[in-house]
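Structure first, then comments.
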């Protein structure tokens with residue numbers, strides 16, 4: 001049986017970051033300022049490279065911010081990403097506790113996958129109150145999963161996606 005435990009690998013994360021950075025048109029010289037550390041050991045029980053993906057994507061976002069700073073001020077800043085910390089950030093909602101140790105509800109009961117007309121599947125993200133409000137308004141549905149399921153089923157997937165995007169932009 002194959003090992004199903006993901007680990008963090010700073011070398012692999014750096015290679016992925018370099019590919020993402022190149023694909024986005026970033027200055028290759030900026031990569032010299034990035035240091036990815038940490039890693040090794042089990043992260044999550046999954047065959048997916050979560051630690052690598054986390055470190056590379058956080059590294060790319062941080063490097064982009066560093067590049068904006070450099071362009072504005074002329075000062076180049078180093079970027080350091082701890083691969084294990086990055087992996088933990090990707091599941092941070094699992095570690096959050098409020099009111100003396102209670103885990104908050106991380107997902108809206110409306111967030112999820114829905115089948116549209118034409119038998120396509122669309123994922124709704126309604127975890128922020130304004131996203132939920134706009135989605136329910138567009139669908140003309142109450143805050144009820146069954147009502148949302150019925151409303152989404154009447155839409156063409158592409159038309160609904162476009163309408164949701166337009167409503168998010170205030171159009």
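Judged by the mean number of other Cβ atoms found within 10 Å, the most tightly packed of the peptides 110-120, 13-23 leads the ranking 13-23, 110-120.
Arrange the peptides 126-134, 88-96 so that the one whose residues have, on average, the most other Cβ atoms within 10 Å appears first.
126-134, 88-96
With a Förster radius of 30 Å applied to the beta-carbon distance between residue 150 and residue 106, the computed FRET efficiency rounds to 0.75. Can you tell me how much longer the chain between residue 168 and residue 130 gets when fully stretched, taken as 0.36 nm per residue apart minus their C-alpha distance, in nm with one decimal? Value of the extension gain: 12.8 nm. The gain in end-to-end length when the residue 95 to residue 68 segment is fully stretched comes to 6.6 nm, 0.36 nm per residue minus the alpha carbon separation. In this simple spin-label model, placing a label point 7 Å from the Cα along the Cα-to-Cβ direction at both residue 85 and residue 20 gives a separation of 1.7 nm. Among 72, 33, 97, the residue with the largest mean-square fluctuation in a Gaussian network model of the chain, with springs joining Cα atoms closer than 10 Å, is 72. Annotation: the antiparallel percentage among DSSP beta bridges lying fully within the chain is about 60.
Calculated FRET efficiency, residue 35 to residue 75, Cβ-Cβ distance, R0 = 22 Å: about 0.80 to the nearest 0.05.
Throughout, read-outs are computed from the coordinates displayed, never taken from laboratory work. Note that the structure is a prediction, hence the values are computed from the model and not measured. Neighbour counts are summed over all protein chains in view; Cβ atoms, including those assigned to glycine, are modelled from backbone coordinates with ideal geometry.
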